[in-house]
Amino acid sequence: MKIHREGTNILILLLLVLAALNVPVWLFMPPHAIPVIFSTISVVVYLFVFNFFRCPKRHYKGDRKNMVVSSVDGKVVAIEKVFEPEYLKKEVIMLSVFMSPLNVHANWYPIDGAVEYVRHHRGRFLSAYLPKASTDNERSTIAMTTPDGTTIVARQIAGAMARRIVTYARKGHKANIDGHLGFIKFGSRVDLYLPIDAEILVGMKQIVKGGVTPVARLNSSNKTK
């Protein structure tokens, strides 16, 4: 299993810290239950963090034309009409996927096309489940346009545990469903803002996989920007 580049330094540092903590425990405490328990906890912690930074290589095999694919692994927690005030400035369908700490946290581009807009916003760290998280939390907004001219927005949102959003996308970059647009550390959510007439292909509480699960089909005759 490949480890995401965002986790390499963290895993090395964590390994050194845990080793530094375990060595004196084994040297200066009776070799009975306490050292064994301490080492077991250390292994569990390391495996948890290791699992968090796993980065599977994925290739979308379906039809790409007018298709929107999930940006992240997780559970669909919202499908609703909202007004997107930052870039699209109109009523759209918001499709939100929540990532638990056990999910892969790499973020994939949801469409093939071009990146038109990227902006990071400082904010709070409320639970990502709360509706206000979309506008109040630390977040990054990425607008992308398909070859047919339809614009959608993806928003990376920090949560109560997620304290760092990494966005690789830049204005002018090529968006590719197989490519990473960013990474969110330790659990959060990503919102996709889609045209009103988009055909939604998933349901509430459905489990989706980033770069794999198609979540919507766009109407090629619709131009959202």
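At a glance:
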{"quantity": "Equivalent ellipsoid semi-axes, the stretch 1-121, via Cα gyration tensor eigenvalues times 5, rooted, Å", "calculated": "43, 16, 14"}
{"quantity": "Nearest 10 degrees, 0 to 90: helix 33-52 Cα axis against the chain principal axis", "calculated": "20"}
{"quantity": "Inverse mean reciprocal Cα-Cα distance (Kirkwood Rh) of the chain, Å", "calculated": "18.5"}
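No value in this document is a laboratory result; all are computed from the given coordinates. None of these values were measured; they are calculated from a predicted model.
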